[in-house]
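Beneath this line is the structure, given in C-alpha cells, with notes to follow.
The values are calculated or read from the model by the stated rules, or taken from the named source; none is laboratory data. Worth saying up front: this structure is predicted, and the values here are computed from it rather than measured. Virtual Cβ from ideal backbone geometry, glycine too; neighbours counted across all protein chains shown. The accessibility values were calculated without ligands, DNA or RNA, using every heavy atom of the protein model including side chains. Shrake-Rupley method; radii C 1.70, N 1.55, O 1.52, S 1.80 Å.
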Amino acid sequence: MREVTYYAAVSLDGYIAGPHGEFDAFLAEGDHMGPIWARYRGTAPTRLAEAVGLPVADGPFDTVLMGWNTYAVGLPDHHLPNPYEHLRQIVFSRAHEAPAGSEGVHVTDSDPVETVRALKQEDGKGIWLCGGGVLAAVLADEIDRLALKINPVMLGGGIPLFGARDYAPQRWENTSTQTFGSGVTLAEYARP
C-alpha cells in the first residue's frame, strides 16, 4: 500500500506560511538544501528545479496533493499553472476549476479522504501532501509519515501546519532527525 507523507517547511511556532501565504521567511539557501533535496528529490516545481540544475526524476513520490491555496501560490504572478509536471497533481477545491495551461493538474471537489484511500490502493510510489494546513487537518488520519523542515524562524501567525482540529492527541515515532549548520532541522516521523 502506498503511503502519504506530509512534507513541508514549518516555522518554530508551527506555521507553514504567513497569513497571506507568505513563505519567504523560510531559508532557501544553506547546507540543508543538498541533503534534503537528495532525500526528497522532485519536490520543487519542475521548471524551477530544472532552471537551477536540480534533477526531478527518481524521487520518492509520483503524486502530489494540494489544497487550492497551496496550488494558487504559482498563479498568476509565478506563471506556474502546472507546477509539478513530473508528478500526478491533484488539487482539492469546491470553488475553483483548473486554469488555462494546467493540463497536468486535476482539480477535484471529491472528498479528500475517499480520494486518498483510493490512491493508496493503487500501484506506485509515495504520495506527497504538499499542503495546506486545512487539507492536512482533513487528511490527518490518512497521513502515514511527517517530514518537517523546521526552520529557525517564528512567524507569529499564519497558516498552521494542521488547520483547526478537535483535541485528539496522536503519538508519532521519530524515524530520523538531522540538524544543519543553517539551523534547519529535518525531522521525520511515522505512525507507530
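Give me the residue from region 1-31 that is closer than 29 Å to GLU114 by Cα and aromatic (Phe, Trp, Tyr) and, out of that set, farthest from the chain's Cα centre (by Cα).
Per the criteria, the residue is TYR15.
Tally time: how many residues in region 121-144 are over 15 Å from the mean Cα position of the chain (by Cα), at negative phi and either surrounded by 16 or more Cβ atoms within 10 Å (Cβ to Cβ) or assigned to a loop (DSSP other than H, G, I, E, B) (or both)?
Residues in region 121-144 being over 15 Å from the mean Cα position of the chain (by Cα), at negative phi and either surrounded by 16 or more Cβ atoms within 10 Å (Cβ to Cβ) or assigned to a loop (DSSP other than H, G, I, E, B) (or both): 3 in total.
Give all pairs with beta carbons closer than 9 Å in which a residue from region 99-120 that is touching a residue at least 40 places away in the same chain (Cβ under 8 Å) and under 16 Å from TRP68 (Cβ atoms) meets a residue that is open to solvent by less than 60 Å² (accessible area, probe 1.4 Å) and in a helix (DSSP H, G or I); count only pairs at least 6 apart in sequence or on separate chains.
Once the first residue is touching a residue at least 40 places away in the same chain (Cβ under 8 Å) and under 16 Å from TRP68 (Cβ atoms) and sits in region 99-120, its partners that are open to solvent by less than 60 Å² (accessible area, probe 1.4 Å) and in a helix (DSSP H, G or I) give PRO112/LEU135; PRO112/GLU142.
Could you count how many residues in region 159-182 are in a loop (DSSP other than H, G, I, E, B) and either open to solvent by 30 Å² or more (accessible area, probe 1.4 Å) or polar (S, T, N, Q) (or both)?
First, pick out the residues of region 159-182 that are in a loop (DSSP other than H, G, I, E, B): 161-172, 180-182.
After this cut, where a residue has to be either open to solvent by 30 Å² or more (accessible area, probe 1.4 Å) or polar (S, T, N, Q) (or both) as well, the list is 162, 164-172, 181-182.
Adding up the residues that qualify gives 12.
Does ALA147 fit the bill of being modelled with pLDDT of 95 or more, surrounded by 14 or more Cβ atoms within 10 Å (Cβ to Cβ) and in a strand (DSSP E or B)? Reasoning before the result, please.
On the way: modelled with pLDDT of 95 or more: yes; surrounded by 14 or more Cβ atoms within 10 Å (Cβ to Cβ): yes; in a strand (DSSP E or B): yes.
So ALA147 passes the test.
State whether the residues of region 67-75 include one that is over 14 Å from ASP109 (Cα atoms) and among the hydroxyl-bearing types (Ser, Thr, Tyr).
Looking through region 67-75, at least one residue is over 14 Å from ASP109 (Cα atoms) and among the hydroxyl-bearing types (Ser, Thr, Tyr).
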